[in-house]
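The structure appears below as structure tokens.
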Amino acid sequence: MSDYNFAYLDEQTKRMIRRAILKGLAIPGYQVPFASREMPMPYGWGTGGVQVTAATLVPDDCLKVIDQGADDTTNAVSIRKFFENTASVGTTTQTAEASVIQTRHRIPEEALREDQILVYQVPIPEPLRFLEPRETETRKMHALEEYGLMHVKLYEDIARHGHIATSYAYPVKIEDRYVMDPSPIPKFDNPKMEMAAIQLFGAGREQRIYALPPYTKVVSLDFDDHPFEASKAPHPCALCGATGSYLDEVITDDAGGRMFVCSDTDYCETRRAQGHVGATQTEEAA
Amino acid sequence: MQSAALKGGFETPAVQSAVAFREIMTAMARPGHVSHVTGGEAPAPVSAAAAAVILTLCDADTGLYLAGAYDTEAMRAWVRFHTSAPLCGPEACSFALGTWDDLRPLGRFPLGSAAYPDRSATLIVEVAHLQPQGRTLTGPGIQDRAELSLPAGPEFADNHALFPRGLDFIFTCGAQLAALPRSTRVL
């Protein structure tokens, strides 16, 4: 055991965060203010998610951390190591093995179970912030359920681009009450938010926690004549051939060469281990 | 008397409160789910589950209201020593502990405001029996329908009608615990 208190934070801080999580679960989609602490990493690196994870972890947990779907990027690796050191929990890269998954900007492709918890890192929790910079006003708008401005924003998208051009952090309405920022996940992931697992959202710099209990109604805002569409790049994965997963575009040379690969590295690796092959491998073999 | 108040806390507070919180969170996220929490022991008649909830969630920042038979000198001393929670009346409390009859009427507890609905009380209700059978529940956290043995009466429907304001309930019985957030519709 290390010289840190279990899961790094002191007990007083964890109680404060835990009370905020409970109120968040009781009022799905409402952003609960909390006294966010300085963490040993910069803002923007998941300080909110780390505090929520720290308040939620138990010693038996198995933690998975992803950054844009990948387990092996700097942010994911360092947060995983942080909790190995401070909470002595087991870690994994496999979605099915994890009991707590902290994520930056993706929901795993594999459907989550009732015994799992998904913790999101959130940069700007207020969906109305870029439309109305004053907290006093956005708070009033949430209190009065005044979300006309958000529909105007989506309408302006249509007027300018012919379709709703918002492709990530696509606003959702929770249980017909609160409009919520799903964090900068691609809108491809929005329909997955009605899931069996508990979803917790932590915004460290902005000092907000919000939550979705399992099976909470999550509706992506749209119009009757411009319905919401969970879009993705129209390609199969070049490595595993998956057609239903969210893809990253990878530039492969300076002559316009590119490939599309699964953003969820664990999903892609599992499929390849099962023998699925994408276009890249078949070309190499030929 | 004094030495009795010193007993009954968590032996390993960091780990035991983490485990207890996980159970409380699961209960709050899944209304109708009955969890088990142990590790705390408060003076009679407080249940083990209620003691664990108080140890896990209460501190100097949260006013605690002890209702009826739970407002004893022994309990007050136990709360002061283990949590430093200020003891207060129902109007200013963050948490309240008591039986259903002692906690009613519910209108005297903070319900939160439209701008800050989180500033409402959580009631820890000690009940004689707790089972996932009884009144039907629907809402967030429930896939289709759930059931929970709740006291009869219109209070839960009235509370839900205030949404997003309203009270949240944690029901405790021995080492068992279940929760009912304001978002749940009780049929």
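Rule-based calculations on the coordinates, nothing more; no lab input. All figures in this text were calculated on a predicted structure; none of them were measured in a lab. Neighbour counts run over all protein chains shown; Cβ positions are idealised from the backbone, glycine included.
Counts of other chain beta carbons within 10 angstrom of each beta carbon in peptide A:9-22 average 5. Report summary: the helix-based calculation at 222 nm, which adds -39500 (n - 2.57) for every DSSP H run with n ≥ 4 and divides by the residues of the protein assembly as shown, gives -8500 deg cm²/dmol. Restricting the stretch A:200-266 to GluC sites (Glu not before Pro) that sit in a DSSP loop and have at most 15 other Cβ atoms within 10 Å of their own Cβ leaves A:GLU229. Within 10 Å of the Cβ of each residue in A:195-207, the mean number of Cβ atoms contributed by other protein chains is 1.
R0 = 60 Å: FRET efficiency of A:ASP225 with A:GLU110, Cβ-based, nearest 0.05? Computed FRET efficiency for A:ASP225 and A:GLU110: 0.95. The stretch A:203-251: which trypsin sites (Lys or Arg not before Pro) are DSSP loop and have at most 10 other beta-carbon atoms within 10 angstrom? Hits after loop and neighbour filter: nothing returned.
Our estimate of slack between A:ALA233 and A:ARG205, defined as 0.36 nm per intervening residue step minus the Cα-Cα distance, is 6.9 nm. Neighbouring Cβ atoms from other chains, within 10 Å of the Cβ of residues in B:15-21, number 6 on average. Could you tell me the calculated FRET efficiency between A:VAL250 and B:LEU187, based on Cβ-Cβ distance and R0 = 45 angstrom, to the nearest 0.05? FRET efficiency, A:VAL250 to B:LEU187: 0.30. Only the Cβ atoms of Lys and Arg (+1) and of Asp and Glu (-1) were treated as charged; on that basis the dipole of the protein assembly as shown about its Cα centre amounts to roughly 1020 debye. What the Kirkwood sum gives for the stretch B:3-186 is a hydrodynamic radius of 16.3 Å, with every pair of different alpha carbons counted. To the nearest 0.05, what FRET efficiency results for A:HIS151 and A:ARG129 with a Förster distance of 22 Å applied to their C-beta separation? It comes out at approximately 0.85.
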